[in-house]
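Peer 1: Before I ask anything, let me first share the structure, which is written out below as structure tokens.
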Amino acid sequence: MYTPFTLASKYVHYYLTAGNGKGHGIHSPFVFDFVVHVLNDRRNFYAYTEIELLRNKLLRNTEEIEVEDLGAGSLSSPHRKRAIGSIARHAAKPGKYGKLLFRMVERYEPKNVLELGTSLGISTCYLASAHKQMPVLTLEGAPAVAAQALRNFEDLGLKNIRLITGNFDTTLPKVLEVVGSPDFVFIDGNHRKQTTLNYFHQLVQRVNHRSILIFDDIHWSREMEEAWEEIRKHPSVTLTIDLFFIGIVFFKPEIRQVQHFTIRF
Ligand SMILES: C[S@@+](CC[C@H](N)C(=O)[O-])C[C@H]1O[C@@H](n2cnc3c(N)ncnc32)[C@H](O)[C@@H]1O
């Protein structure tokens, strides 16, 4: 993991050099539409309020639960027992990105959604709230954390989520057998180069022209940046969008010349 200083310098560089997100200089009609109708969509959905209220409740929760560490990313607390509030503070994606996931699902209407890394389920709630009939499969390795996520889904009355507990190494191949071709995948667990590439290679064999893969923390460490570079260069990838804290990958065949965008968000 980069030091906070290196990460901050990288972010400043991104912020100053990225496209301004207002569409200027974006010559791809698809990406222009994404910027206008997804990235910069300022509508306020009721689900946002509900999920952020849930987050606030979790942040205040001092109950300690057992956390089995299966991936890179929990360096802030190496203890096995952690307060739910601390997990909510360190593991869950901020609301800005949860809302973006919601808007992407709302706009692109995937047939299925898969998430690697549920944690307490905050991002899962954003994904599942955008279309309440759409099936969401979410994978989590730590049983006590998964149990709390299930309580959270119940609190919000979300019935379209199926949580599968276990290490991605065993759960992902099985889930892909069932899903067939994944339409929308959020990869937010185990931020290491080889594991990220391993998940990507399993997914890329099954993607279709509508599939969207979203990788979390692509600039979090040198390893993650190397993984992101390899993903961008894969021959099936036709378009990528780098928003610094997440990277989005498309496989649209109509895009004849591969395009990579970095957009300020
Ligand atoms: C960053 S958190 C996910 C946060 C969540 N997506 C959100 O934004 O609300 C990553 C989760 O992935 C889980 N994880 C990491 N590596 C894993 C693995 N190899 N198998 C299963 N779960 C894993 C961790 O237990 C952790 O709960």
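None of the figures in this text is laboratory data; all of them are computed from the coordinates on show. Predicted model only: the values in this text are computed from it and were never measured. Here Cβ is always computed from backbone atoms with ideal geometry, including for glycine, and neighbour counts include all displayed protein chains.
Peer 1: As an exercise, identify the GluC sites (Glu not before Pro) in region 164-265 lying in DSSP coil whose Cβ has no more than 10 other Cβ atoms within 10 Å.
Peer 2: Taking region 164-265 and a limit of 10 other Cβ atoms within 10 Å, the loop GluC sites (Glu not before Pro) found are Glu254.
Peer 1: Dividing the convex hull volume of the Cα atoms of region 153-203 by its residue count, what figure in Å³ per residue is obtained?
Peer 2: So the per-residue hull volume is 102 Å³.
Peer 1: Moving on. Could you give the angle, 0 to 90 degrees to the nearest 10, between helix 143-155's Cα long axis and the longest principal axis of the Cα atoms of the chain?
Peer 2: 80 degrees
Peer 1: Could you tell me whether region 4-262 comes out rounded, prolate or oblate from its Cα gyration tensor? Rule is a ≥ b ≥ c as square roots of the eigenvalues, rounded for a/c under 1.5, then prolate if a/b exceeds b/c, otherwise oblate.
Peer 2: Verdict is rounded for region 4-262.
Peer 1: Another question, then. Angle between the Cα long axis of helix 4-17 and the longest principal axis of the chain, 0 to 90 degrees, nearest 10?
Peer 2: Helix 4-17 sits roughly 30 degrees off the main axis of the chain.
Peer 1: Size of the dipole of the chain about the Cα centre, Lys and Arg at +1 and Asp and Glu at -1 on the beta carbon, nothing else charged, in debye to 20?
Peer 2: 560 debye
Peer 1: Label 7 Å along Cα→Cβ of Tyr2; region 195-222 residues with amide nitrogen under 15 Å?
Peer 2: Output list for this probe position: 216-222.
Peer 1: Then there's this: On C-alpha positions alone, give me the angle between the axis of helix 95-108 and the longest principal axis of the chain, in degrees, nearest 10.
Peer 2: It is inclined by approximately 60 degrees.
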